[in-house]
Amino acid sequence: MGDDDFIDEEYHDRPRYRPVTEIDPGELADALKTLAGFSENTFLVMQAHQLGMVDNLLNALEDEVMRHQADDDPPREQMALLGAMSPMWIYAAYELQRTWRQRCEEVIRLADNGGLDYKASHLERDLGYRHYDRELRAQQLRDAQQRPELVEQMRGDLRRTEIAFTMLEFIRVALAKHEVSKRGSKKPPIAFAPGLARRSRHCGSMEYEMSNGRTIIDTVARRDIAEMIRAIPQAETPSDETLESFWAYMNPPDVDPFARGVP
């Protein structure tokens with residue numbers, strides 16, 4: 001057996017996921033709070049902790065189902081609960097990150113066109129009562145105005161999280177809209193069996209197929225999404241070539257003859 005064979009065998013023998021007992025309960029929320037502009041927003045932080053709490057609950061439930069799914073009397077009630085809660089968690093994970101990304105994109109756009117002061121002043125107008133989220137947004141714009149490095153950190157964090165967020169978005173669109181997430185498409189294709197999932201034999205998590213027409217791109221478990229979030233602090237910035245390759249991978253050519261206008 002050569003060295004390469006030994007390495008491959010050793011790699012495949014490794015567990016794919018960490019034991020649930022090794023996951024710090026606050027790890028997911030802490031990872032999100034490292035994103036530029038995230039920890040300064042009280043409401044985003046609150047939702048990050050809520051997302052982490054439900055993740056901890058699902059981790060324990062997934063682990064229990066995995067350990068008992070082969071029993072003569074498997075935990076059917078827990079299996080059903082897992083199937084119901086997993087999409088809800090995915091929706092929440094997507095919306096929280098989408099909101100953060102949208103805020104960052106707004107700050108970057110205003111910084112680029114010199115509109116930070118104007119927008120902040122607009123949000124700071126006296127409404128006759130305190131509007132807490134307007135105050136938070138105005139303060140973030142003032143921070144970006146005083147600290148140009150914050151804007152650059154936002155650019156970098158958006159790029160570092162682009163691939164993981166896009167994969168999450170793909171799953172979310174299939175589950176929530178029954179469509180295939182395709183950039184630039186005016187009429188997104190219909191998703192194949194939206195919402196259909198199976199339990200991962202590696203962690204007990206619900207696993208979703210990423211498909212575009214006849215092309216199966218990948219399978220992604222809910223636990224995979226959670227681990228990608230936990231890995232945010234270590235995520236590297238992808239090169240232009242990596243992003244181009246990723247988009248080609250996510251948008252394979254249409255293989256449906258009707259998609260090409262063939263009668």
Taking K177, K33, K187 and ranking on accessible area (1.4 Å, protein atoms only), highest first, one gets K187, K177, K33
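So if R0 is 22 Å, what FRET efficiency would H178 and R198 give, r being the distance between their Cβ atoms, rounded to the nearest 0.05? All intermediate terms of the calculation are to be shown ahead of the outcome.
Working: r = 18 Å, r/R0 = 0.84.
After rounding to 0.05, the efficiency reads 0.75.
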FRET efficiency, 1/(1 + (r/R0)^6) with R0 41 Å, evaluated for Q78 and T215 via beta carbons: 0.75
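Quick one: Cα convex hull volume of region 17-151, Å³ per residue? Write down the numbers at each step before the final one.
Details: hull volume 16.8 nm³, N = 135.
Expressed per residue, the convex hull around the Cα atoms of region 17-151 is 124 Å³.
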Candidate aspartates and glutamates - alpha carbon under 16 Å from K187, same-chain residues fewer than 8 apart omitted: E179, D254, D256
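L127: net charge of surrounding residues, Cβ under 11 Å, Lys/Arg +1, Asp/Glu -1, itself excluded?
On the way: positive: R125, R130, R134; negative: E124, D126, E135.
Within the 11 Å Cβ shell, the charges total 0.
Using just the helices of the chain, give the 222 nm mean residue ellipticity in deg cm²/dmol: DSSP H runs with n ≥ 4 each add -39,500 (n - 2.57), and the total is spread over all residues, rounded to 500. Mind showing how you got there, number by number?
Details: 10 runs with 154 residues, N = 263.
Calculated from helices alone, the mean residue ellipticity at 222 nm is -19500 deg cm²/dmol.
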A chain fully extended from S39 to Q153 at 0.36 nm per residue, minus the present Cα-Cα distance, gains in nm 39.7 nm
Sort 206-216, 117-127 for me by packing, meaning the mean count of neighbouring Cβ atoms within 10 Å per residue, highest on top. 206-216, 117-127
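Roll a 1.4 angstrom probe over the protein heavy atoms and tell me the percent of accessible area of the chain that is carbon or sulfur.
On the way: 7960 of 15380 Å².
The C+S portion of the solvent-accessible surface of the chain is 52 percent.
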For the chain, the Kirkwood Rh over every pair of distinct alpha carbons, in Å, works out to 20.9
Most mobile listed residue (D240, D55, D72) in the chain, GNM with C-alpha springs under 10 Å: D72
Give the distance, in whole Å, between the Cα centre of region 131-180 and the Cα centre of region 206-250. 18
Taking R0 as 30 Å, what's the FRET efficiency between R130 and M88 from their Cβ-Cβ distance, rounded to 0.05? 0.40
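The values are calculated or read from the model by the stated rules, or taken from the named source; none is laboratory data. What you see is a predicted model; the values in this text were computed from it and never measured. Here the Cβ is made from the backbone with ideal geometry for all residues, glycine too, and neighbour counts use every protein chain on show. For accessibility, only protein heavy atoms count, side chains too; no ligands or nucleic acids. Shrake-Rupley method; radii C 1.70, N 1.55, O 1.52, S 1.80 Å.
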